[in-house]
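The values are calculated or read from the model by the stated rules, or taken from the named source; none is laboratory data. Everything numeric here is computed off the predicted structure, so don't read it as measured data. Cβ sites come from the backbone with ideal geometry, for glycine too, and all protein chains shown count toward neighbours. Just the protein is used for accessible areas: all its heavy atoms, side chains included, with ligands, DNA and RNA removed. Shrake-Rupley method; radii C 1.70, N 1.55, O 1.52, S 1.80 Å.
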Amino acid sequence: YKKVKKDLNTYSLIVARETLTYNALRDNGINKSILCPDPAFQLDKIDLPLPKGFEENNTIGINVSPLNIGCESKKGSTMANYEELIKHIIDTTDMQIALIPHVVWENNDDRKPLKVLYDKFKDTGRVVMLEDHNCMELKGYISRCRFFIGARTHATIAAYSTCVPTLVIGYSVKAKGIAKDIFGTYENYVLPVQSLSNKDDLIYAFEWMKDNENHIRKYLNEFMPGYIETASKSFEEISKLMGEN
């Protein structure tokens, strides 16, 4: 602990992107830290033509990552929950489903678990899988979803910042902190992957979001412009350090 604290205090500036981390830093004497939203909230989007099966504003975007699966407490629970959720969406709604990879590194490739899901449901005609795209193009696809359920932080930021009701399947404090800063609470907005035990846990979380869809979207439309604007604070602080301001 002392070594970590000493190391962190050698930095001229530490930018925490959510209050849970920021408060932990300040409470432990890391005083060169500031709080500022992730710069990804300000990322532009590019709208490419939608693939067949992606119905604008009536498609649920789904993202899952090997990283999250590796953090599960009960082996197999993550994929079991995603499978049950997709079955539930197909059986109870008229919405389409888009499987959206956000990281495609060699040893950490979202396409691998998403391909497993796609193969199980491709014959329904209700599921489409996107290939790799740059971050602005991915944000363009995510922005045209009706809901987004995601594991990757920057995929969920793409959804939040374009006012798409979002459920985060989180594995660390950052997911809770970002949701808390936006909504005042992370309850119902973040489902920790470690808490997945029953195969219908994700269904219950999705149903809450669906029941509160209009309220969430209205709130995001009112809240997000000001929140996005504050994300430039980190640039201003870095410019000061570099003597440019």
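Loop-located chymotrypsin sites (Phe, Trp or Tyr not before Pro) in segment 1-93 (DSSP state not H, G, I, E or B) with no more than 16 neighbouring Cβ atoms inside 10 Å: Y1, Y11. When the GluC sites (Glu not before Pro) in segment 95-148 are filtered for DSSP coil states and for at most 11 other beta-carbon atoms within 10 Å of their beta-carbon, the remaining sites are E106, E131. When only Cα pairs below 8 angstrom with a gap of at least 6 residues are kept, the chain shows a relative contact order of 25 percent. Using a simple spin-label model with pseudo-atoms 7 Å out from Cα toward Cβ, W208 and L241 lie 3.7 nm apart.
Accessible area per residue for the chain, computed on protein heavy atoms with a 1.4 Å probe, is 50 Å².
Each stretch of four or more DSSP H residues adds -39500 (n - 2.57); spread over every residue of the chain, this sum gives -14000 deg cm²/dmol at 222 nm.
Shown in residue order for segment 55-61 are the 3J(HN,Hα) couplings computed by the Karplus curve 6.51 cos²θ - 1.76 cosθ + 1.60 at θ = phi - 60°: 8, 4, 6, 9, 10, 9, x Hz (x for Gly and Pro). For the chain, the gyration tensor built on C-alpha atoms gives a prolate shape. Its axis ratio a/c (a ≥ b ≥ c) is at least 1.5, and a/b is the larger of a/b and b/c. For M242, M209, the ranking by accessible surface with the largest value first comes to M242, M209, using a 1.4 Å probe. When both segment 119-186 and segment 27-88 are represented by their alpha-carbon centers, they are found 4 Å apart. Under 24 Å of direct C-alpha separation, and excluding same-chain neighbours fewer than eight residues apart, K74 reaches these lysines: K87, K112, K115, K120, K174, K176, K199. With loop defined by DSSP as not H, G, I, E or B, and exposure as at most 10 other Cβ atoms within 10 Å, which is the longest segment of the chain clear of exposed trypsin sites (Lys or Arg not before Pro)? The segment 76-245 is the longest one with no such site.
Within the accessible area of the chain, the carbon and sulfur atoms contribute 51%, probe 1.4 Å, all protein chains present. Residues W208, W105, ordered by accessible area of protein heavy atoms at a 1.4 angstrom probe radius and largest first, appear as W105, W208. Taking a ≥ b ≥ c as the square roots of the eigenvalues of the Cα gyration tensor, segment 28-71 is oblate, since a/c reaches 1.5 or more and a/b is not larger than b/c. Amide H contacts for L167 (H built 1.01 Å from N in the peptide plane; partners 5 or more residues away or on another chain; cut-off under 5 Å): F148, I149, G150. Label-to-label distance, E106 versus K6, with points set 7 angstrom from Cα along the beta-carbon direction: 3.6 nm. For segment 61-135, the gyration tensor built on C-alpha atoms gives an oblate shape. Its axis ratio a/c (a ≥ b ≥ c) is at least 1.5, and a/b is not larger than b/c. Ranking of F206, F223 by solvent-accessible surface, largest first: F223, F206 (1.4 Å probe, protein heavy atoms only, all chains present).
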